[in-house]
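Have a look at the structure below, then the notes.
The values are calculated or read from the model by the stated rules, or taken from the named source; none is laboratory data. This structure is a prediction, so every number in the text was calculated from the model and none was measured. For neighbour counting, all protein chains shown are included, and Cβ atoms are generated from backbone atoms with ideal geometry for every residue, glycine included. The protein model used for the area step is the full one, side chains on, heavy atoms only, and it has no ligands, DNA or RNA in it. Shrake-Rupley method; radii C 1.70, N 1.55, O 1.52, S 1.80 Å.
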Amino acid sequence: GPEVNTLFLSPDGDLPKLPFGLLGPEPDSFLCDQYNLIYLESARDLKADQSIDPVGREALVIGNTDFSLTPAAGDCPGLVEKVPFTKLEAQMVAEKTGVVPLMRRKADKHALQDCHASIIHIATHGAFFGDQEEDEQAYTYTPNPMRRACLYFAGANDWLRTGKQDPVLGNGVLTAEELCHCRMTPPDLVVLSACFSGMGDVRQGNGIVGLQTAFKVQGARVMLLSIWEADDFASLVLMDRFYDNLTAMPAGQALRAAQRYLRTVTIADLTEAGWFDSSRLRRIGLVAEDMRRMSRLSPDHRPFASLRCWGGYILYE
C-alpha cells in the first residue's frame, strides 16, 4: 500500500496536552522522526496537510510588546516580563511577509479586531489560569475556559497592577472569549509564538478549549501553538526555519522539518547563518551576552538538541 507519512490526531480527555510526536519505541527515537503530526479538534476537520506559502500574503505581525506603559507598572513581581527575542522574531517574520510589525505600544490587543490578514503571527506571553491560580488583583476564578485562556498585549501590567484600563489600549489582556467576538477574515495561518498558547481546559469530546478554539471560530485553517515554555532563542530559530520551509512544503511537514533542524543545528551552522552577527546582537540588549557566550562554544555543539527546546510545538488544522 501507499507509504504513510502523516498522522492526524484527535485526542480526547487529558491527551490533547500530550505532544505525541515525542512518543517512541526507545530513547531518542520519536514518532516525529517518521511522521508529520497534525492535531484536529475532531475527526470532521480531517483534510490533507495544508500548503500556505507566506510570500505575498497580507500579514499581521505583533511582538516586542510594552507590557508596562509606565515605569511603575514594571516594578511589581509576578507581572508580565518583556521577552527580548520577540523583537527579532517580529522583525524577521515581518521581513519574510513584507509588512511592518506592530511593536512596543503598537502591540495593541485591538489589532485583531477587523483583521483581514491571511497570516497572523503573535510573539508574546500567553496564559491559562487553572483552578488553583487565582490572581488576587485582577482575576477571579471562572469556570469558563474561554475567559481563562489569554494573550498579553501592550498595557497588560498597568491593568494587572491597578485595575485601570488605558483609554486607547484597554486592559492589554485578550481572552479567548473576546477573540471569538473579533470580526476577522478567516486567516490561513495563525502562529502563537507564546508561552502556553496551546494550553486550555479539557472538555470531553472537544479536545482543549482555549485560544485555538477561538481561532477555529474565526475560521483559521492552520494554527501553530506551543504547549510548554520554550527557550527564546530556540523558538526564534525554529520560526525562521518554519516560514522558510512553508515556501516549499505543506505546514505539517514544514514544522517537522524545522524541529528536525533545531535538534541537529550546530554552533558552526548558527554562526554561518548569521545568528551571532554583531548587528543582530545589538538589537536584543541584555541577553546579547548569553548569545556571545553561546557563540564561543565548540563549533560542533548542538545547543537545541534537548527536546524541551523543540518538542513543545504542535500544529492544529
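Of the strands (runs of 3 or more DSSP E) contained entirely in the stretch 192-241, those carrying at least 1 residues that are modelled with pLDDT under 75 and surrounded by fewer than 24 Cβ atoms within 10 Å (Cβ to Cβ) fall at 200-203, 207-210. Among the residues of the stretch 280-293, the ones that are open to solvent by less than 60 Å² (accessible area, probe 1.4 Å) and without any contact (Cβ under 8 Å) to a residue 12 or more places away in the chain come to 2 in all.
At pLDDT below 90, more than 21 Å from the chain's Cα centre (by Cα) and in a helix (DSSP H, G or I): is that true of Arg280 in this structure? Here the answer is yes, as Arg280 does meet what is asked. Is at least one residue of the stretch 300-315 in contact with a His (Cβ under 9 Å, 6 or more places away or on another chain), touching a residue at least 60 places away in the same chain (Cβ under 8 Å) and either open to solvent by 10 Å² or more (accessible area, probe 1.4 Å) or part of a helix (DSSP H, G or I) (or both)? No. Looking only at residues in the stretch 98-120 that are more than 20 Å from Cys180 (Cβ to Cβ) and in contact with a Gly (Cβ under 9 Å, 6 or more places away or on another chain), the one that is surrounded by the most Cβ atoms within 10 Å (Cβ to Cβ) is Ala107.
Does Pro299 satisfy the criteria of being modelled with pLDDT of 95 or more and out of contact with any Leu (no Cβ under 8 Å at 6 or more places or on another chain)? Yes. In the set (1) modelled with pLDDT of 95 or more; (2) in contact with a Pro (Cβ under 8 Å, 6 or more places away or on another chain), the condition left unmet by Ala48 is number (1).
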